Amino acid sequence: MSELRYDPIRKSWVIIAAERSLRPSDHLRSGPVHEHGPTGSCPFCPGNEKSTPPETYALRKPETLPDTPGWQIRVVPNKFPALDQSVPLQRSNNGLYDVTSGFGVHEVLVETPDADRQMDTLSLRHLGDVFIALRGRIEALKMDRRLHYIMAFKNYGREAGASLFHSHSQIIGIPVIPNLISAELASFREHFRAVKSCLMCDIISQEAADIRRIVAESKEFISFVPYSSGLPFEVRIAPKAHSHDFVSATDTVLRSFARIVRETLRRLKKVLDDPPYNFVLHTSPPAHDRAGKPGFWKSIEQDYHWYLELVPRTTMIAGFEWGTGFYINTTRPEDAAALLRSVDI
Ligand SMILES: [Zn+2]
Ligand SMILES: [Zn+2]
């Protein structure tokens, strides 16, 4: 049984999930990094639907049954979940240490039935459907008031934490707001209170005027290397029109999002020779009332702005980074953006 333990020194939660040491990746440490392997043993390949827990969503041909082939996108609970929705949410403490039961949600979004495709080689129509499916799952999970944050992310390549090569992303819903997210929400809120505008909208205006860090741009989105990127070739993709919540994006917006995400991934792949990477979706938490904090979310619709973070994992996080939270980035963000813009894709 997993649990969330609180570190009173760092003021941060950790998920202790010893059961996850049984997942397939742990037996494959020395295996290939960028290879699918035989389809018969892949739980995400069509025909192997019974080797995952029953699906919670699928985009599939109408005449086909759940948990059988015929799907284009499939969402299933993680077979080796870090957290479990059937565990009662219980908080307690153990001397100095707060602990919360391992309640939460951990789902896998299988992006394609095709073992040979990855996010950057899906058709635009299909990738748009992937983001529409993701929106649907986040929207559904937001209904569970016990979940305080829902994080969608992708690990591509073993160095980025992927345990299976078949193209997929993951959704984790947790009963607390993580520190990094709390700090980010506070930055947006403070900026809004000080100058009455959204921090990301203001960053987008500055990046659009400067242009040196822009990777790609469309009518609806901007893709840019952050001014103070911690890791080389880190990219953020944000909608140009202010919007606090990925769930509120229309189908049209998400199809446009698919276009710029795919273009950015292709540029990263070309420049960095198919790097392992993570993507992390930053979006508004469910704005449920907070005990003792009336009006806590009052300005979230105006102050927060959703975006996607894409982080190629070309360097190791070493002692200095671990000890300080500072990063030493060996590539100037302006040079990274220029390189990414320059390649033909
Ligand atoms: Zn597969
Ligand atoms: Zn904004």
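Okay, here's what the table says:
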item: Long-range amide H partners of I73 with built H, under 5 Å; result: L59
item: Residue-span extension gain [W322 to S218] - 0.36 nm each, minus C-alpha spacing; result: 33.8 nm
item: Residue-averaged [θ]222 nm for the chain, counting only DSSP H segments that reach four residues, each worth -39500 (n - 2.57); result: -8000 deg cm²/dmol
item: Lys, Arg +1 and Asp, Glu -1 on Cβ, resulting dipole of segment 206-298 about Cα centre, debye, nearest 20; result: 60
item: Cα-based shape type of the chain, given that a ≥ b ≥ c are square roots of the gyration tensor eigenvalues and the cut on a/c is 1.5; result: rounded
item: Phi-based couplings in Hz for segment 276-290 (Karplus 6.51, -1.76, 1.60; Gly and Pro marked x); result: x, 8, 10, 10, 9, 8, 9, 9, 4, x, x, 8, 6, 4, 9
item: Net charge contributed by nearby residues that have their C-beta within less than 15 Å of I214 (K/R +1, D/E -1); result: 0
item: Net charge, I317 excluded, C-beta distance under 14 Å - Lys, Arg +1, Asp, Glu -1; result: -2
item: ³J(HN,Hα), Karplus 6.51/-1.76/1.60, whole Hz, each residue of segment 314-328, x for Gly, Pro; result: 9, 10, 7, 7, 10, x, 4, 4, 4, x, 10, x, 8, 10, 9
item: Cα-derived Rg to Rh of segment 292-345, Kirkwood definition; result: 1.17
item: Average Cα contact separation per residue, the chain, under 8 Å, 6 or more apart, as relative contact order %; result: 17
item: Cβ-placed point charges (K, R +1; D, E -1), dipole of the chain about Cα centre in debye, nearest 20; result: 380
item: Accessible area per residue in Å² at 1.4 Å probe, computed on the chain; result: 49
item: Neighbour net charge for D245 - beta-carbon separation under 11 angstrom, K R +1, D E -1; result: 0
item: Cα gyration tensor, segment 100-215 - rounded (a/c under 1.5), prolate or oblate; result: oblate
item: Amide proton proximity set for D98, modelled H, under 5 Å, gap of 5+; result: Y6
item: Segment 86-148, dipole about Cα centre (Lys/Arg Cβ +1, Asp/Glu Cβ -1), debye to the nearest 20; result: 380
item: Distant-in-sequence amide H partners of E111 (H built 1.01 Å from N, under 5 Å); result: H168, S169
item: Carbon/sulfur fraction of accessible area - segment 179-244, other protein chains in place, 1.4 Å, %; result: 57
item: Cα-based shape type of segment 203-345, given that a ≥ b ≥ c are square roots of the gyration tensor eigenvalues and the cut on a/c is 1.5; result: oblate
item: Per-residue HN-Hα couplings for segment 44-52 [Karplus 6.51, -1.76, 1.60; θ = phi - 60°; Hz; x = Gly/Pro]; result: 9, 7, x, x, 10, 4, 6, 8, 10
item: Along the chain, longest interval not containing exposed trypsin sites (Lys or Arg not before Pro), exposed being DSSP loop plus at most 12 other Cβ atoms within 10 Å; result: 30-144
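The values are calculated or read from the model by the stated rules, or taken from the named source; none is laboratory data. All figures in this text were calculated on a predicted structure; none of them were measured in a lab. Here the Cβ is made from the backbone with ideal geometry for all residues, glycine too, and neighbour counts use every protein chain on show. Surface areas here come from the heavy atoms of the whole protein model, side chains and all, with no ligands, DNA or RNA. Shrake-Rupley method; radii C 1.70, N 1.55, O 1.52, S 1.80 Å.
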